[in-house]
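J.: After the structure tokens below, expect a handful of questions from me.
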Amino acid sequence: MAAGKVTVKEAQELIRRVAVKKQETDEAVLWEAGGRVLAEDLRARFSHPPFPRSPLDGYAVQAQDLKDAGPDGPACLQVTEKVCAGQCSKRRLKPGEAVRIMTGAPIPAGADTVVRQEDTDYGEREVRIYKRQDAYDNYCPEGEDFREGDVLIQQGARMDAVRIGIAASAGYSRIRVRKKVRTAVLSTGTELCAPGMPLGEGQIYDSSLYLIAERVRELGGELVMAERVPDEEQALRAYLRRAKTCADLVVTTGGVSVGEKDLVRKALEQEGARFLFDRVLVKPGSPTTASILGTTLVFSLSGNPFAAAVHLELLVRTATASFLGCEETAPSEKEGILISEFQRPCRTDRWIRGREESGRIWIPETKEKSGILSSMEGCSCLVKIEKDRERIAKGEKVWYIRI
Ligand code: AMP
Ligand code: MG
């Protein structure tokens with residue numbers, strides 16, 4: 001095994017170099033496009049709204065007819081027709097006329113403003129209007145939201161509810177998205193038991209596998225394999241052989257340390273993997289490795305669920321973002337202000353669980369061990385404690401990533 005120890009930044013750089021953006025795309029129906037990454041800019045094929053429309057229920061008129069209107073001297077106009085949303089007036093409005101109009105209906109040609117019905121006597125044949133207003137008051141022009149040709153969403157964006165709503169408003173029922181990252185996950189440990197099965201002596205439930213699988217899905221991965229194997233070299237090798245034929249990305253958890261039964265590195269070596277790095281200068285989870293098996297990128301994370309979670313966020317997420325060309329999901333370090341105190345020197349950089357709001361970071365007084373997952377609940381960020389930093393006082397700066 002050649003490659004050696006790297007910092008997190010170096011690891012991320014190496015990962016970005018090999019996790020090359022996928023060129024293959026899918027057409028996703030809008031109903032199922034949540035979480036997918038847009039493969040091409042989404043452009044408006046027409047202006048929206050496609051016609052000037054009324055923002056309220058009232059009367060469409062010409063503003064000049066209201067120039068002398070007031071509470072004591074209303075303008076009196078002839079109501080020529082009624083248009084509701086979804087209907088269209090066929091005539092051009094003339095001076096002295098009003099069209100009864102409802103919210104969302106096209107403003108008839110010739111009208112330049114809409115009077116709120118509350119400022120009138122609600123007349124049906126004739127309407128009295130008690131207020132003057134200017135042209136284009138209460139008037140939504142054509143293309144107010146967007147105009148034909150506008151780029152509404154840029155390629156590389158991850159579709160969320162708002163973006164799906166925007167695509168729908170532009171009339172798209174399907175969009176071009178990048179293919180998901182085909183991901184195989186594996187947990188290894190003879191002590192691991194599947195949730196739902198009775199725990200045997202010396203066993204614990206396998207949690208890291210589920211954590212990784214769900215996070216990978218959130219990050220745009222598609223699970224093509226999810227398995228649990230005991231600490232046996234042959235079982236690991238058999239898994240790796242199958243995974244490399246069907247996955248772009250493999251994430252294993254457990255068995256990567258230096259114990260007698262930590263056989264993942266050996267299995268990878270035996271299968272001919274080329275290591276990008278075999279240790280990361282960070283806590284927790286320093287034995288994390290990345291390697292290339294055939295054309296598949298393999299991450300081997302610690303079995304400890306919190307350590308696995310940290311490297312999912314720092315490294316695996318770098319890979320999924322890079323494969324998908326989706327910069328917004330890559331872990332990006334931001335500077336925040338610590339609002340609680342932290343004291344615990346460490347000789348290596350350490351990432352710990354935190355909560356963040358508008359760049360203000362709070363480190364809960366919690367169980368901070370890599371084997372403990374429950375205290376990560378509700379945490380919204382990971383905070384970097386740089387090595388040899390003795391004590392961080394309230395108000396000092398820290399680096400963090402959102403999770
Ligand atoms: P390992 O990384 O295999 O050395 O495991 C480190 C610690 O994490 C041990 O206490 C394991 O029992 C535990 N562990 C390993 N894999 C898992 C898993 N999939 N879920 C929960 N805990 C695990
Ligand atoms: Mg183990």
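The values are calculated or read from the model by the stated rules, or taken from the named source; none is laboratory data. If you're wondering where the values come from, they're calculated on a predicted model, not measured in any experiment. Heads up, the Cβs are rebuilt from the backbone with ideal geometry, glycines too, and the neighbour counts pull from every protein chain shown. For accessibility, only protein heavy atoms count, side chains too; no ligands or nucleic acids. Shrake-Rupley method; radii C 1.70, N 1.55, O 1.52, S 1.80 Å.
J.: Given the conditions (1) in contact (Cβ under 8 Å) with a residue 60 or more places away in the chain; (2) under 26 Å from residue 181 (Cα atoms), and given that residue 271 satisfies all but one, which numbered condition is not satisfied?
T.: Going through the list (1) in contact (Cβ under 8 Å) with a residue 60 or more places away in the chain; (2) under 26 Å from residue 181 (Cα atoms), residue 271 breaks only (1).
J.: Look through 271, 227 and report the one residue that is over 29 Å from residue 329 (Cα atoms) and not basic (Lys, Arg). Step through it out loud before you land on a result.
T.: Working: 227 fails: over 29 Å from residue 329 (Cα atoms).
Sole residue among the options that is over 29 Å from residue 329 (Cα atoms) and not basic (Lys, Arg): 271.
J.: Got a number for residues in region 92-115 being farther than 16 Å from residue 78 by Cα and either of a type in the set (Lys, Arg) or open to solvent by less than 10 Å² (accessible area, probe 1.4 Å) (or both)?
T.: Here the count works out to 1.
Residues checked against (1) more than 23 Å from residue 181 (Cβ to Cβ); (2) more than 16 Å from ligand 2 (Cβ to nearest atom); (3) not aliphatic (A, V, I, L, M):
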residue: 217; (1), (2), (3): no, yes, yes
residue: 222; (1), (2), (3): no, yes, yes
residue: 226; (1), (2), (3): no, yes, no
residue: 232; (1), (2), (3): yes, no, yes
residue: 241; (1), (2), (3): no, yes, yes
residue: 252; (1), (2), (3): no, no, yes
residue: 260; (1), (2), (3): yes, no, yes
residue: 264; (1), (2), (3): no, no, no
residue: 275; (1), (2), (3): no, yes, yes
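J.: I would also like to ask the following. Scanning region 189-204 for residues that are within 7 Å of ligand 1 (Cβ to nearest atom) and of a type outside the set (Asp, Glu), which turns out surrounded by the fewest Cβ atoms within 10 Å (Cβ to Cβ)?
T.: The first filter runs over region 189-204 and keeps only residues within 7 Å of ligand 1 (Cβ to nearest atom), leaving 189, 191-192, 204.
Then keep just the ones that are of a type outside the set (Asp, Glu); that gives 189, 192, 204.
Details: 189: 21, 192: 21, 204: 12.
Applying the filter and picking the extreme gives 204.
J.: I'd like to check something: does region 299-313 contain any residue that is away from ligand 2 (no atom under 16 Å from the Cβ) and in contact with an Asp or Glu (Cβ under 8 Å, 6 or more places away or on another chain)?
T.: Checked region 299-313: no residue is away from ligand 2 (no atom under 16 Å from the Cβ) and in contact with an Asp or Glu (Cβ under 8 Å, 6 or more places away or on another chain).
J.: Does residue 290 meet the test of being of a type in the set (A, V, I, L, M, F, W, C) and either out of contact with any helix residue (DSSP H, G or I) (no Cβ under 8 Å at 6 or more places or on another chain) or touching a residue at least 60 places away in the same chain (Cβ under 8 Å) (or both)?
T.: Values: of a type in the set (A, V, I, L, M, F, W, C): yes; either out of contact with any helix residue (DSSP H, G or I) (no Cβ under 8 Å at 6 or more places or on another chain) or touching a residue at least 60 places away in the same chain (Cβ under 8 Å) (or both): yes.
Against the criterion (of a type in the set (A, V, I, L, M, F, W, C) and either out of contact with any helix residue (DSSP H, G or I) (no Cβ under 8 Å at 6 or more places or on another chain) or touching a residue at least 60 places away in the same chain (Cβ under 8 Å) (or both)), residue 290 qualifies.
J.: Against the condition free of Cβ contacts under 8 Å to residues at least 60 places away in the same chain and either within 26 Å of the chain's Cα centre (by Cα) or open to solvent by less than 10 Å² (accessible area, probe 1.4 Å) (or both), how does residue 332 come out, does it pass? Steps first, answer last, please.
T.: Working: free of Cβ contacts under 8 Å to residues at least 60 places away in the same chain: no; either within 26 Å of the chain's Cα centre (by Cα) or open to solvent by less than 10 Å² (accessible area, probe 1.4 Å) (or both): yes.
Spelling it out, it is not the case that residue 332 is free of Cβ contacts under 8 Å to residues at least 60 places away in the same chain and either within 26 Å of the chain's Cα centre (by Cα) or open to solvent by less than 10 Å² (accessible area, probe 1.4 Å) (or both).
J.: Give all pairs with beta carbons closer than 9 Å in which a residue from region 241-253 that is open to solvent by less than 10 Å² (accessible area, probe 1.4 Å) meets a residue that is among the charged types (D, E, K, R) and within 16 Å of ligand 1 (Cβ to nearest atom); count only pairs at least 6 apart in sequence or on separate chains.
T.: Hits for this filter: 243/227; 253/206.
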